[in-house]
Amino acid sequence: MMISKYLYALAFLFFCSIPKEGRSSAIKLNEAIKNKKISCYIHGNGASTHYLEPVIAEFTNTGSDPLELTVEDGDMFIPADSTRQNIVVTGSAIITLQPHQKKTVAFKGMCTEQQDRSGDDETVYTFKPVNNEKLRKLADFISEKKYQTTAAQYAVWSLMNNDDLNSIYSADTTEENDLRKFMAALTGKTFVLKKDYRYNYYEPPKEKVGGNFEYNFSKPQDVQIAMFDKNGILVRELFNRKKVPAGMHTTKFEFDSAVYTDDVYYFKLIAMNGVLVNQKVDVRSIREEFRKKIENRN
């Protein structure tokens, strides 16, 4: 009994010996900004896409006490330029700052406005706490499953645009089905698989246009090739494979130019949470060559 009392006394004394100014307390990012506990500059991430880590924040603790800043799934980053995309957080974070410490953090997120332009390094954002319960639930699900992918981006757009659930598709059928089922439960919608190239990864293109990416990794990586329009908006996933082995690889990609009819598209090789290669393709000239070949045959 004497030993247990002695240990309890030591524990109590140890706890009480921590100086008050040495403890940090969790505070929402918007509260820290409002109360001028921090200074921060929030901007776009040009090395990302709008569904990976599209927003970067540069924080400075302006006070003499440590801080813990919280950012939750469903919170929003709103651009000053209304033609740029709003971003919903899909990876909650706790940012610890010691007195006067500076820290740069990239946030996982998804675009909620499909028709707006993608952000870039110059896009400036403000922070807004979660105010859409369905979007928060979807963001929680994406974060929990670690679906920082095109299929999850399609799910966000499906929710925000009230789209058909068939608009959620992926090379990863498990991921595709998980997201469709979750969205069905969240929205009360049903879905039936459509054999439509625009909404089915495995439907073959009829008017094929494509190319190759060559890449070399020193260790296994998740690899994606995706197609974007001139405004940096995701158009279609063309390749998606988890844990591609280390070494040199050549991966073919193609799309149906009769379905996607813009003059220019960008094809991005994505790995290690960022864009490794961004290749611009003039599809108009390719279509013209294709048309001339058909005419010559006739």
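The values are calculated or read from the model by the stated rules, or taken from the named source; none is laboratory data. Note that the structure is a prediction, hence the values are computed from the model and not measured. Counting neighbours? That spans all protein chains shown, and the Cβs are built from the backbone with ideal geometry, glycine included.
Quick look at the values:
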quantity: Cβ-Cβ under 6 Å pairs, at least 6 apart or on other chains, the range 64-89 side assigned by TED's automatic domain parsing to the domain that holds residue 232 and farther than 11 Å from residue 125 by Cβ, far side in a loop (DSSP other than H, G, I, E, B) and modelled with pLDDT under 95; calculated: none
quantity: Condition broken by residue 205, with the remaining ones in (1) at pLDDT 95 or above; (2) within 26 Å of residue 286 (Cα to Cα) satisfied; calculated: (1)
quantity: Members of the range 155-170 found to be in contact (Cβ under 8 Å) with a residue 40 or more places away in the chain and within 18 Å of residue 74 (Cα to Cα), listed by number; calculated: 156, 157, 160, 161
quantity: Qualifying positions in the range 183-213 - surrounded by fewer than 15 Cβ atoms within 10 Å (Cβ to Cβ), within 24 Å of the chain's Cα centre (by Cα) and not polar (S, T, N, Q); calculated: 184, 185, 198, 202
quantity: Residue ID - modelled with the lowest pLDDT, chosen from residues in the range 257-268 that are out of contact with any Gly (no Cβ under 8 Å at 6 or more places or on another chain) and surrounded by fewer than 20 Cβ atoms within 10 Å (Cβ to Cβ); calculated: 258
quantity: Pairs where the first residue, in the range 29-47, is under 30 Å from residue 271 (Cα atoms) and assigned by TED's automatic domain parsing to the domain that holds residue 57 and the second is of a type in the set (D, E, K, R) and not in a loop (DSSP other than H, G, I, E, B), C-beta under 8 Å, 6+ apart; calculated: 40/58; 41/58; 42/58; 43/58; 44/84
quantity: Elements of type strands (runs of 3 or more DSSP E) in the range 192-298, at least 2 residues being more than 28 Å from residue 156 (Cα to Cα); calculated: 208-217, 247-256
quantity: In the range 156-182, the residues that are acidic (Asp, Glu) and under 20 Å from the mean Cα position of the chain (by Cα); calculated: 163, 172, 175, 176, 178
quantity: Flag if residue 258 is in contact (Cβ under 8 Å) with a residue 24 or more places away in the chain and among the small types (Gly, Ala, Ser); calculated: yes
quantity: Selection status of residue 223, among the β-branched types (Val, Ile, Thr) and farther than 30 Å from residue 133 by Cα; calculated: yes
quantity: Odd one out for residue 68, checked against (1) part of a strand (DSSP E or B); (2) in contact with a helix residue (DSSP H, G or I) (Cβ under 7 Å, 6 or more places away or on another chain); calculated: (2)
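So that you can scan it fast, the table gives a plain yes or no per residue for (1) within 20 Å of the chain's Cα centre (by Cα); (2) modelled with pLDDT under 95; (3) under 18 Å from residue 93 (Cα atoms):
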position	(1), (2), (3)
15	no, yes, no
20	no, yes, no
26	no, yes, yes
32	no, no, yes
45	yes, no, yes
48	yes, no, no
58	yes, no, yes
